[in-house]
Amino acid sequence: MTRTAVITGGTGGMGLATARILGKDHRVVLADLDQGRLDTAVATLVAEGIDAAGSVCDVTDRGSVDALFSFAAEGDHHVRAVVHAAGVSPQMGSAEFVARINAIGTVHVSRAYLEGDVLVNVASVAGHSIPKALVPTRSFPLAETDPAPSCA
């Protein structure tokens, strides 16, 4: 059985660096929204002697995340590690866009691999940059049950 590592955001700087490290003793499956970037990243890793594959995945869509894990496990592959490096900064879009990718995407990837071996969620300090008064702490208990909790 081939040990496989799945890396979301796999075509970016952190994703590729992680793939190079894990690729020393794992098959790596990169995930990204852009097929062209995936093709380039996979070709680069293969040229470096790393067993690599790519899969288009939208982490904000649970079905897409499930399809990613199905692809990674096809054949004689065991998904042994997941590095969730897909994320965006507040400067890259609206608050909703950032929340969907950074929060909902993290929930989807984490839940899809809940019974797995090793899961690493990469985060940035951007979450600490908003004023404390705006953090909806009373809504946190609803995060997994209410798709649109109030921020009150």
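A few points about this structure:
- Residue match in the stretch 20-32 (condition: closer than 20 Å to Arg100 by Cβ and surrounded by 15 or more Cβ atoms within 10 Å (Cβ to Cβ)): yes
- Filtered residue count, the stretch 88-98, keeping only those that are among the polar types (S, T, N, Q), in contact (Cβ under 8 Å) with a residue 12 or more places away in the chain and not in a loop (DSSP other than H, G, I, E, B): 0
- Any hit, the stretch 35-48, residues being among the basic types (Lys, Arg), under 21 Å from Asp117 (Cα atoms) and touching a strand residue (DSSP E or B) at 6+ places or on another chain (Cβ under 9 Å): no
- Single condition Thr2 does not satisfy, out of (1) modelled with pLDDT under 95; (2) touching a helix residue (DSSP H, G or I) at 6+ places or on another chain (Cβ under 7 Å); (3) β-branched (Val, Ile, Thr): (2)
- When Gly54 is tested against (1) under 19 Å from Glu74 (Cα atoms); (2) more than 14 Å from the chain's Cα centre (by Cα), only condition (2) is not met.
The values are calculated or read from the model by the stated rules, or taken from the named source; none is laboratory data. Here the structure is a predicted model, which is why all the values come from computation and not from measurement. Because the Cβ atoms are built from the backbone with ideal geometry, glycine has one as well, and the counts that use them run over all protein chains shown.
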